[in-house]
Amino acid sequence: MISHDYIIVGGGTAGCVLANRLSADPNNSVLLLEAGGQDNYFWIDIPVGYLYTIGNPRTDWCYTTEPDQGLNGRSIGYARGRVLGGCSSINAMIYMRGQQQDYDYWASLGNRGWSWENVLPIFMQSEDYQHGADAFHGVGGELRVEEKRVSWEILDAWREAAQECGIPKITEFNRGDNSGSAYFQMNQRNGRRWSGTKAFLRPVEHRPNLTIRVGAHVDRLAIDIHDGRKRARGVKLVDSDAILEARREVILAAGSIGSPQILQLSGIGPGAVLQKHGVEVVHDLAGVGENLQDHLQIRTIFKVSHTVTLNQRVNSWFGKAAMGLEYLLFKTGPLTMPPSQLGAFAKSDPSRRSANMEWHVQPLSLDKFGSPLHTFNAITPSVCNLQPTSRGHVRIQNPDPLHAPTITLNYLSTKEDREIAVAGLRFTRRIMAARSLARFEPIEWLPGPDVEGDAALSQAAGDLGTTIFHPVGTCKMGHDNQAVVNDRLAVHGIDSLRVIDASIMPQITSGNTNAPTVMIAEQGAKFILQDK
């Protein structure tokens, strides 16, 4: 029997942080298990390479959601990283902490140590900020944060137009109140993707007390029951009868899809769901896989004139060659672009305590992800509801660990979410009609100027809406009957077992979720070492 002090299941963002922090003490033996492969694919390193990694089974689990009534019956692709670094190896690279209210709400639920005041120093300790340390940013950490390395005239004008419509220009988004418009900061170093692997794992991978295994797909957890107490003893891998034993703790860091799936396969979850699919109930825990939340972006498209967008550059051999040469020589230009460069935050109505809508503005357009860019010049101002009230779930379909679970989002299933979607579409039209954009003669392509009225706009939101790949909440932190972990991220009712990834969020943060996942892993590592 092989044993380690700590076994980390999942080599994504959280797993990389945990492996770094737990192995810093040479007396700790740490095993990191990643079901996917190495992150050595050429396109991972180049920022625009997300176009070739998302939807690619080499780097993406290529999940598909269940048909969704809120999306007018559509299923959509649901990317999850299938390499070391997880989603940080294929994501948008946007560094976004969320807002103060997000974390203060978590704390208001009785989760000690999770307020904005508590978590801000944790964000800062991981950070290496391009502009140096200040009251909100740190330097010397592993996670590099830099500014954009390419500019677009149309995005500058959109920002001016947003200001005309009451969204002020601000310097950045990561100071607790994101109301305003700014260019996104990114996890890049000198024009290259700076993933969880590069930041946290590569610098320590040669530590003698750290073992990293790829292609290690977990079958189930081994749970011991003695005198009524349940304890996670270790992990069984697919195609192996041996138990990898954890002398201290097993830590699930497989993400909001993987972590609840592994728990359910191990008999930990809603009893009725487990029994339905032939899994013996080891620990009836109602919230495992429930409370799934995500940000739905509604992708409007406007044709523009008298300017150059990425559409024009990509549809020209000269443009492609120039972009490639610029990146090769200077590590600048469009190949350094995340999917979105410009962002804006605003309230859907004045009664909101904080901004609850976000725009991701792109100097490009396409029919859907994976399709070629349009031949005409256009921009895509996508708007999303940052604080959705719709909830979905993740559930196994059978006891086979290699069979993908069902992912049910239930987008736009509440009246509030549908109303905010309509408000977002109307607000986007106001911005596009502002004086600062007039010289570009914008023409609405999608949903189209003939789509009017709340019912038609709500229908259009379902037609155009798609994920920004921010699933959270399926192993939520808390103390109610749907909570899976406590505020030290220990699973309720199972000793020596924690979940440490985005699945523990009781409510989704206001923005991209990778930076909060780093913070969660930093917190979790601290708890483990304190409880040693």
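Normalising by the residue count of the chain, find the relative contact order in percent from Cα pairs under 8 Å and 6+ residues apart.
So the answer I get is 22 percent.
Would you be so kind as to identify which of Phe173, Pro506, Val214 lies farthest towards the positive end of the dipole of the chain, taking Lys and Arg as +1 and Asp and Glu as -1 on Cβ and the Cα centre as origin?
Going by the Cα projections, it comes out as Val214.
Taking the Cα atoms only, what angle lies between the long axis of helix 13-22 and the longest principal axis of the chain, rounded to 10 degrees?
Once rounded, one gets 50 degrees.
Which is the longest run of the chain containing none of the GluC sites (Glu not before Pro) found in DSSP loop states (not H, G, I, E, B) with at most 15 other C-beta atoms within 10 Å?
Answer from the scan: 281-451.
Could you let me know the centre-to-centre spacing of segment 460-482 and segment 147-194, using Cα atoms, in angstrom?
With segment 460-482 and segment 147-194 each reduced to a Cα centre, they are spaced 25 Å.
Could you check what % of the DSSP bridge pairs in segment 121-258 are antiparallel, to the nearest 5?
Taking every DSSP beta bridge within segment 121-258, about 80 percent pair in antiparallel fashion.
Give me the dipole magnitude in Debye, nearest 20, for segment 68-219 about the Cα centre, with unit charges on the beta carbon: positive for Lys and Arg, negative for Asp and Glu.
Result for segment 68-219 is approximately 780 debye, rounded to the nearest 20.
Compare Leu51, Leu263, Leu446 by solvent-accessible area with a 1.4 Å probe and give them largest first, with all protein chains kept in place.
Ranked from most to least accessible, the order is Leu51, Leu446, Leu263.
By how many degrees, 0 to 90 and rounded to 10, does the Cα axis of helix 153-164 deviate from the longest principal axis of the chain?
Here the helix axis deviates by roughly 90 degrees.
How big is the dipole moment of segment 1-142 about its Cα centre under a simple scheme where the beta carbon of each Lys and Arg is +1, that of each Asp and Glu is -1, and everything else is neutral? Debye, nearest 20, please. Numbers along the way, then the final one.
Numbers: 7 positive and 15 negative charges, 74 e Å.
So the dipole magnitude of segment 1-142 works out to roughly 360 debye.
Could you state how much accessible area Arg21 has, in square angstrom rounded to the nearest 10, with a 1.4 Å probe and all protein chains kept in place?
Answer for Arg21: close to 50 Å² accessible.
Can you give the net charge of the other residues whose Cβ lies under 10 Å from the Cβ of Ala521, counting K and R as +1 and D and E as -1?
0
Hey, what did segment 362-442 get for relative contact order, percent, Cα under 8 Å, at least 6 apart?
It comes to 22 percent, rounded to a whole number.
Would you be so kind as to identify which of Thr380, Gly324, Phe345 lies farthest towards the positive end of the dipole of segment 323-387, taking Lys and Arg as +1 and Asp and Glu as -1 on Cβ and the Cα centre as origin?
Phe345
How much length is gained on full extension from Glu419 to Asp367, taking 0.36 nm per residue of separation minus their Cα-Cα distance?
So the extension gain works out to 16.2 nm.
At 0.36 nm per residue, and after removing the present C-alpha to C-alpha distance, how many nm does the segment from Ala455 to Val214 gain when stretched out fully?
81.9 nm
Rounded to the nearest 5, what is the percent of antiparallel bridges among the DSSP beta bridges in the chain?
Around 65 percent of the beta bridges assigned by DSSP in the chain are antiparallel ones.
Summing -39500 (n - 2.57) over the DSSP H runs of n ≥ 4 in the chain and dividing by its residue number, what mean residue ellipticity at 222 nm do you reach, to the nearest 500 deg cm²/dmol? If you can, show how the numbers build up before the last one.
Numbers: 13 runs with 132 residues, N = 532.
Theoretical 222 nm ellipticity from helices: -7500 deg cm²/dmol.
Take peptides 474-482, 95-103 and line them up by average Cβ neighbours within 10 Å, highest first, as a rough protection proxy.
So the peptides 474-482, 95-103, ranked by packing, come out 95-103, 474-482.
Hey, can you grab everything whose amide H is under 5 Å from the amide H of Leu366? Only 5+ residues off in sequence or another chain; H modelled, so Pro and N-termini drop out.
His374
In the chain, with Lys and Arg counted as +1 and Asp and Glu as -1 at Cβ, which of these residues, Leu22, Phe200, Ala461, has the Cα nearest the positive end of the dipole, that is, farthest along it?
The Cα lying farthest towards the positive end belongs to Phe200.
Return one number: the angle in degrees, 0 to 90 and rounded to the nearest 10, between the long axis of the Cα atoms of helix 514-530 and the longest principal axis of the Cα atoms of the chain.
Helix 514-530 and the main axis of the chain meet at about 20 degrees.
How large is the accessible surface per residue of segment 1-125, computed with a 1.4 Å probe and reported in Å² as a whole number?
On a per-residue basis, segment 1-125 sits at 35 Å².
Cα centroid distance between segment 97-133 and segment 261-294, in Å?
30 Å
Whole-Hz Karplus ³J(HN,Hα) for segment 63-74, in order, using 6.51 cos²θ - 1.76 cosθ + 1.60 and θ = phi - 60°, x for Gly and Pro?
5, 10, 6, 5, x, 10, 4, x, 9, 6, x, 7
Which of (i) 26.4, 84; (ii) 22.6, 75; (iii) 24.9, 89 is the computed Rg and Dmax of the Cα atoms in Å for the structure on display?
Structure-derived value, by its label: (ii).
Compute the accessible area per residue over segment 246-391, keeping the other protein chains in place, probe 1.4 Å, unit Å². Write out the running numbers ahead of the final one.
Values: 5240 Å² over 146 residues.
In whole numbers, segment 246-391 has 36 Å² accessible per residue.
How big is the Cα convex hull of segment 1-133 in projection, averaged over all directions, in nm²?
Mean projected area of the Cα convex hull: 12.7 nm².
Over the chain, with every protein chain in place, what whole percent of the accessible area is carbon and sulfur at 1.4 Å, could you tell me?
Carbon-and-sulfur percentage of accessible area, whole number: 51.
Report the charge-dipole magnitude of the chain in Debye, nearest 20, computed about the Cα centre from +1 at each Lys and Arg Cβ and -1 at each Asp and Glu Cβ.
That gives a dipole near 600 debye.
Here is the link list: Lys236/Lys276; Lys303/Lys368; Lys347/Lys476; Lys148/Lys331; Lys198/Lys532; Lys169/Lys303. Which ones come out longer than 21 Å on Cα distance?
Where the Cα-Cα span goes over 21 Å, the pairs concerned are Lys236/Lys276; Lys347/Lys476; Lys198/Lys532; Lys169/Lys303.
The values are calculated or read from the model by the stated rules, or taken from the named source; none is laboratory data. All of these numbers come straight from a predicted model, not from anything done at the bench. In this analysis, Cβ positions are derived from the backbone assuming ideal geometry, glycine residues included, and neighbour counts consider all displayed protein chains. Heavy atoms of the whole protein, side chains included, go into the accessibility calculation; ligands, DNA and RNA do not. Shrake-Rupley method; radii C 1.70, N 1.55, O 1.52, S 1.80 Å.
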